[in-house]
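Colleague: Could you have a look at this structure, given as structure tokens, before my questions?
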Amino acid sequence: MKLTLVTGLTGLILLATIVELLRRRQLREKYGMLWLGVLVIVIPLSLFPRLLDNVAGFFGVVSGVSLVLFLGIVFLLLVCVHLSWEVSALEEETRTLAEDFALLRAEIDAERAARLADGAQVTAATRDELVSHDG
Amino acid sequence: MVNGKRVLIIIPALNESGSIADVVGEVRGELPGVDVLVVDDGSTDRTAAVAAAAGARVAKLPYNLGVGGAMRLGYRYARDNDYDVAIQIDADGQHDPRYVPKLVDLLDDNDLVIGARFAGEGDYSVRGPRRWAMVMLSGVLSRVAKTKLTDTTSGFRAANRRVIEMFAGWYPAEYLGDTVETLVHTARRGYRIRQVPVAMRKRMAGTPSHSPAKAMIYLGRAFAVLTLALIRR
């Protein structure tokens, strides 16, 4: 009974955390929905750990709890791989942005330099003109 | 212009304010009429300012991307500004710009030309795991590229328009990706690769590492990168 209390409470706290993060718009919906889906499965299991014993028996696993443990680890590994993949995609995107930014900055610098050079030429020409008028 | 071709020299530089002015100055002195683009790969020193003062065009990345990131930027610049040839040169001064016309000439019949150490000219030697890595890389890559390649990690390369176009859209930013993986990729797509012997000089600044542990790690990473490059599409 004590154990059921601990696992059930943990499940409920996790659920509250996810809902709160979604409410504050701190989690993208796709991740929020993923974890909510997980909790919908996990909370009944935390209250009734024997729920999966029959399914476990079918797969040759002695206890339903062991099956849940195994599936949980596989699921978490998959989530980690997915996150690495997302980070790789993000890095590729920021890399492209950094390159675009550097190219634009180089272009602006070149234009500014050209304009300054033009300006210098114009001032020199006007000065020459003034000098010739005076002379 | 070198032999009637618009040439861009791309120099990726990370914290090279000690040598970059001399390198840019030498390139401009030896090769008048050639444009120099220094890609500052997120340096924390005055590399960009020093390079600009020396007369190079400078593209400054907001943070460090690695040689591969800097080089793709360089190739994109070359493509956007319609250059016929793009040549990569190291910022530490070990590549002699007097070899550039030779590389450009060879681009008439090839798509990518590599300036290679250990190919007869100059004196440059390595031993231990680093040597094994180089033997492994050159053996496998020579077979893939169907031409003799002895210095596959050389950062002295010339690319024609076709290869510039390809590199502008695809250039790995990972470790050794800029050298090993690009060679596999280029060879697999049927581009002609050729190496020419060049003498390397001592670096103007900085020192190469000689730790045996680092050399072993290098060998392992080289093997991993090569294997990945071969099984990738």
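Colleague: For the protein assembly as shown, what is the number of Lys pairs with C-alpha distance below 28 angstrom, counting only pairs 8 or more positions apart or on separate chains?
Modeller: Number of lysine pairs found: 11.
Colleague: Taking the protein assembly as shown, how much of its Cα-Cα pair set, in percent, is spaced more than 32 angstrom apart?
Modeller: 49
Colleague: Something else: Counting only C-alpha contacts under 8 Å and six or more residues apart, can you give the relative contact order of chain A as a whole percent?
Modeller: In percent, rounded to a whole number, it is 14.
Colleague: What number, in percent, do you get for the relative contact order of chain B if the mean sequence gap of Cα pairs under 8 Å and at least 6 apart is divided by its residue count?
Modeller: 24
Colleague: While we're looking at this one, here's another question. Counting only complete DSSP H runs, which helices of chain A cover 24 Å or more along their long axis at the Cα atoms and score a mean Kyte-Doolittle of 1.0 or above?
Modeller: Those that clear 24 Å and a mean of 1.0 are A:2-23, A:29-47.
Colleague: Check B:V36: other-chain or 5+ apart residues with amide H under 5 Å from its amide H, H built from backbone geometry?
Modeller: Hits under the 5 Å cutoff: B:I9, B:R57.
Colleague: Evaluate peptide A:91-104: per residue, the Cβ atoms of other protein chains within 10 Å of its Cβ; return the mean as an integer.
Modeller: Partner Cβ neighbours, averaged per residue: 5.
Colleague: Taking the Cβ of B:E181 as the center, what net charge do the other residues with Cβ under 10 Å away carry, scoring Lys and Arg +1 and Asp and Glu -1?
Modeller: For residues surrounding B:E181, the net value is -1.
Colleague: Only four residue types carry charge here, +1 at the Cβ of Lys and Arg and -1 at the Cβ of Asp and Glu. Report the dipole size of chain B about the Cα centre in Debye, rounded to the nearest 20.
Modeller: 820
Colleague: When the scattering of chain A is computed by the Debye formula from its Cα atoms alone, each counted once and equally, what is log10 I(q)/I(0) at q = 0.15 Å⁻¹?
Modeller: After summing over all Cα pairs, the log10 values are -0.92.
Colleague: Report, in debye and to the nearest 20, how large the dipole of region A:58-135 comes out about its Cα centre when Lys and Arg carry +1 and Asp and Glu carry -1 on their Cβ.
Modeller: 500
Colleague: Using a cut-off of 11 Å between beta-carbons, work out the net charge of the residues near B:G190 (Lys and Arg +1, Asp and Glu -1, B:G190 not included).
Modeller: +4
Colleague: I'd like the distance between the alpha-carbon centres of region B:57-98 and region B:28-44, rounded to an integer number of Å.
Modeller: 8
Colleague: Can you tell me which of B:S154, B:S211, B:S17 moves the most in a GNM of chain B? Springs connect C-alpha atoms under 10 Å apart.
Modeller: B:S211
Colleague: For region B:136-168 and region A:33-105, compute the distance between their C-alpha centroids and round to whole Å.
Modeller: 41
Colleague: Can you say what percent of the DSSP beta bridges in region B:1-126, counting only those with both residues inside, are antiparallel? Round to 5.
Modeller: Roughly 5 percent of the beta bridges in region B:1-126 run antiparallel, per DSSP.
Colleague: Excluding A:L22 itself, calculate the net charge of residues whose Cβ lies under 10 Å from the Cβ of A:L22, where each Lys or Arg counts +1 and each Asp or Glu counts -1.
Modeller: +2
Colleague: Considering chain B as a Gaussian network with a 10 Å cut-off on Cα pairs, which listed residue, B:K148, B:K102, B:K214, attains the greatest mean-square fluctuation?
Modeller: B:K214
Colleague: How shielded is B:61-72 by partner chains, expressed as the average number of their Cβ atoms within 10 Å of its Cβ atoms?
Modeller: What the average comes to for B:61-72 is 3.
Colleague: Compute, for the protein assembly as shown, the length of the dipole vector about the Cα centre, with Cβ point charges of +1 (Lys, Arg) and -1 (Asp, Glu) only. Units Debye, rounded to 20.
Modeller: It works out to roughly 1560 debye.
Colleague: Regarding chain B, what is the average projected area of its C-alpha convex hull, in nm²?
Modeller: About 11.6 nm², averaged over all directions.
Colleague: For chain B, modelled as a GNM with alpha-carbon contacts under 10 angstrom, which of B:A78, B:A86, B:A222 fluctuates the most?
Modeller: Highest fluctuation among the options: B:A222.
Colleague: Cα-based Rg (one decimal) and Dmax (whole number) for region A:58-135, in Å?
Modeller: Over region A:58-135's Cα set, Rg and Dmax evaluate to 33.3, 109 Å.
Readers should treat all values here as calculations from the given coordinates under stated rules, not as data from a laboratory. Since we're looking at a predicted model, the values are computed, not measured. In this analysis, Cβ positions are derived from the backbone assuming ideal geometry, glycine residues included, and neighbour counts consider all displayed protein chains.
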